[in-house]
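Colleague: Quick one: the structure is below, questions incoming.
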Amino acid sequence: MERCWGFRQCSARCTLPVDKLVTIKSAECTGCLECVAACPAEGALQMALPAYRRMPTWAFAAGVAVLFFGMVGFAKASGYWKSDIPQAVYKHLVPHANEASHPMPGDAGVALNLSVN
């Protein structure tokens, strides 16, 4: 907090009161690092693990990527990542993914059309 200039740009980018807290230990933090990117005071905000004092932003992003791709790679290599959906259905649905929505409670007659031409 000693490096904070009080501009509150970090809290403008986050739903958590970043500018009022010394340490955020919340499950609500998604680790998007928008607050760190918005802060004009160099070194005022940082991502850190309990065992380490500081963690560079790139190291956090790299760790998340390695964890994600490692888990997906392991699941595919070991046969746990498989689907009965034919490749043709994927090729039809992926270009239209932004048009899909999740049915809400109370919606009547909602049907999913999975026909492939």
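The values are calculated or read from the model by the stated rules, or taken from the named source; none is laboratory data. Here the structure is a predicted model, which means the values were calculated and not measured. FYI the Cβ positions are ideal-geometry reconstructions off the backbone, even for glycines, and counts take in every protein chain you see.
Colleague: Hey, among the residues in the stretch 29-69 that are hydrophobic (A, V, I, L, M, F, W, C), part of a loop (DSSP other than H, G, I, E, B) and closer than 30 Å to TRP81 by Cβ, which one's modelled with the lowest pLDDT? Give the derivation first.
Modeller: Restricting attention to the stretch 29-69, the residues satisfying the condition of being hydrophobic (A, V, I, L, M, F, W, C) are 29, 32-33, 35-39, 41, 44-45, 47-49, 51, 55, 58-62, 64-69.
Within this subset, residues satisfying the condition of being part of a loop (DSSP other than H, G, I, E, B) are 29, 32-33, 39, 41, 44-45, 48-49, 51.
The next check asks that each one be closer than 30 Å to TRP81 by Cβ; those that pass are 29, 32-33, 49.
Working: CYS29: 80, CYS32: 82, LEU33: 81, LEU49: 67.
Among residues in the stretch 29-69 that are hydrophobic (A, V, I, L, M, F, W, C), part of a loop (DSSP other than H, G, I, E, B) and closer than 30 Å to TRP81 by Cβ, the one modelled with the lowest pLDDT is LEU49.
Colleague: How many residues does the stretch 86-107 contain that are at pLDDT below 85 and not in a helix (DSSP H, G or I)?
Modeller: 8
Colleague: Cβ contacts < 6 Å: first residue farther than 18 Å from ALA37 by Cα, restricted to the stretch 56-82; second residue not in a helix (DSSP H, G or I), any location; separation 6+ or different chain. Result?
Modeller: Within 6 Å, the pairs are ALA75/TRP81.
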